[in-house]
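No value in this document is a laboratory result; all are computed from the given coordinates. This is a predicted model, so every value here is computed, not measured. Cβ atoms come from the backbone with ideal geometry, glycine included; neighbour counts cover every protein chain shown.
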Amino acid sequence: MKNFEKHMDPVYGISRFDDDIRNTHGWRVSLRRHGKMLVKNFPDKKNGGRWQALRKAQHYRDELLIKFPPISRKEVCKIKRSNNTSGVNGVCTYAKRYKLKDGTVRETKYWEASWPDGEGKNTSVNFSVRKFGDELARSMAIRARQRGLEGVEGPFWVSERGSLKTKPNKQINSGSRRPVQRVA
């Protein structure tokens, strides 16, 4: 079993479509890998019924995941964003403004390092330019980011916030013509 499979919901990447007007019912596998959508439909009629079609869709999805495994969280952290101005992923500088009692506005500059934790949230740490100087604060932020990434593991989509478990109040579409509803 691959590392990501133990976290996976049985209907991850699979959605149900039901259109009573056109008498079209089935399951759709839909995954994005390397910027391309991989989509295949499994109609109930052609696949021996609703649950047989679901099993075939799951089998196809599992084959796709073996052929095109999900990107790792570390790989996602290495992707350089177009809005990156510091030259280092996950490290930025910002200024915090505040008012003194006499009404004057002061600004304190920081370098900040951030990285994802195991819960799907970000962890960050700030280093004051006034306290450490610009170059030292920047290098401390870069080191903090590197240390933070050492503990990042697993596929990108496995997190508490983006859990793959089916939401309890979502139901599989059945009935009149309605738009496709994502199950996972």
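Within the range 118-149, if we keep just the residues that are over 22 Å from residue 87 (Cβ atoms) and surrounded by 14 or more Cβ atoms within 10 Å (Cβ to Cβ), the residue that is farthest from the chain's Cα centre (by Cα) turns out to be 118. Considered as a group, the residues in the range 65-96 that are surrounded by 14 or more Cβ atoms within 10 Å (Cβ to Cβ) and free of Cβ contacts under 8 Å to residues at least 40 places away in the same chain include one that is nearest to residue 135 (Cα to Cα), and that residue is 92. Residues in the range 41-57 that are in contact with a strand residue (DSSP E or B) (Cβ under 9 Å, 6 or more places away or on another chain), farther than 17 Å from residue 10 by Cα and not polar (S, T, N, Q): 43, 44, 45, 46.
Name the residue that is farthest from the chain's Cα centre (by Cα), counting only residues in the range 19-63 that are crowded, with 17+ Cβ neighbours inside 10 Å and among the hydrophobic types (A, V, I, L, M, F, W, C). The residue in question is 53. With respect to the conditions (1) over 20 Å from residue 78 (Cβ atoms); (2) assigned to a helix (DSSP H, G or I), residue 143 lacks only one, and its number is (1).
Buried (at least 16 other Cβ atoms within 10 Å of the Cβ), among the acidic types (Asp, Glu) and either within 29 Å of residue 151 (Cβ to Cβ) or out of contact with any Asp or Glu (no Cβ under 7 Å at 6 or more places or on another chain) (or both): does that describe residue 107? It is false that residue 107 is buried (at least 16 other Cβ atoms within 10 Å of the Cβ), among the acidic types (Asp, Glu) and either within 29 Å of residue 151 (Cβ to Cβ) or out of contact with any Asp or Glu (no Cβ under 7 Å at 6 or more places or on another chain) (or both). On inspection, residue 16 passes the criterion of being in a strand (DSSP E or B) and of a type outside the set (A, V, I, L, M).
Condition check: part of a helix (DSSP H, G or I) and touching a strand residue (DSSP E or B) at 6+ places or on another chain (Cβ under 6 Å). Does residue 137 satisfy that? The answer is yes for residue 137.
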